[in-house]
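Written out below as structure tokens is the structure these notes cover.
The values are calculated or read from the model by the stated rules, or taken from the named source; none is laboratory data. Every value quoted in this text rests on a predicted model; they were computed, and no experiment measured them. Glycine gets a Cβ as well: all are built from the backbone with ideal geometry, and neighbour counts include every protein chain shown.
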Amino acid sequence: MALHGRIAGISGIVAGVLTPVKGDWTWRIAFMAGLFFAPLIVWLVTADKPQVEFAHPLWMTIIGGLAVGFGARLGGGCTSGHGVCGMARFSKRSIAATVTFMGVAFVTVFVLHQILEF
């Protein structure tokens with residue numbers, strides 16, 4: 001936001017890479033490269049390998065990721081865009097979006113863990 005006047009919403013940044021606009025692509029690639037390489041650099045410097053564990057089967061993780069991606073496009077932003085940047089700016093739209101997706105997340109976790117016992 002400070003350098004480009006843009007919100008750091010990951011779904012919007014990735015969407016801009018997938019549908020490039022001249023002069024708008026380089027910073028998006030650099031941002032995504034930072035997201036990917038920063039943890040690797042920390043791992044190499046500290047030699048502290050993070051342990052990754054999946055609480056659910058891979059197919060559920062994939063379906064969940066696709067649902068989140070669809071919801072981010074439908075809601076006009078993701079948790080980083082609305083939940084972090086938008087709420088920090090006191091955006092009413094972002095507050096409504098964050099309350100909605102957090103509410104749906106709570107209900108989804110409850111249904112999966114308490115009712116369906118996944």
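General remarks:
- Residue selected from the stretch 69-118 under the condition aliphatic (A, V, I, L, M) and under 19 Å from PHE31 (Cβ atoms), by the criterion farthest from the chain's Cα centre (by Cα): ALA88
- Every pair of residues 6+ apart whose Cβ atoms lie under 8 Å, when the first sits in the stretch 89-112 and is touching a residue at least 12 places away in the same chain (Cβ under 8 Å) while the second is of a type in the set (Ser, Thr, Tyr): THR98/THR79; PHE101/THR79
- Boolean, MET32 is surrounded by 10 or more Cβ atoms within 10 Å (Cβ to Cβ), of a type outside the set (Lys, Arg), under 30 Å from HIS113 (Cα atoms) and free of Cβ contacts under 8 Å to residues at least 60 places away in the same chain: no
- Filtered residues of the stretch 70-101 (kept if part of a helix (DSSP H, G or I), over 16 Å from VAL14 (Cβ atoms), out of contact with any helix residue (DSSP H, G or I) (no Cβ under 6 Å at 6 or more places or on another chain) and among the polar types (S, T, N, Q)): THR100
- Identity of the residue in the stretch 48-69, over 21 Å from ILE10 (Cβ atoms) and surrounded by 11 or more Cβ atoms within 10 Å (Cβ to Cβ), that ends up modelled with the lowest pLDDT: HIS56
- Note on the stretch 15-29: residues that are assigned to a helix (DSSP H, G or I) and surrounded by 10 or more Cβ atoms within 10 Å (Cβ to Cβ) amount to 6.
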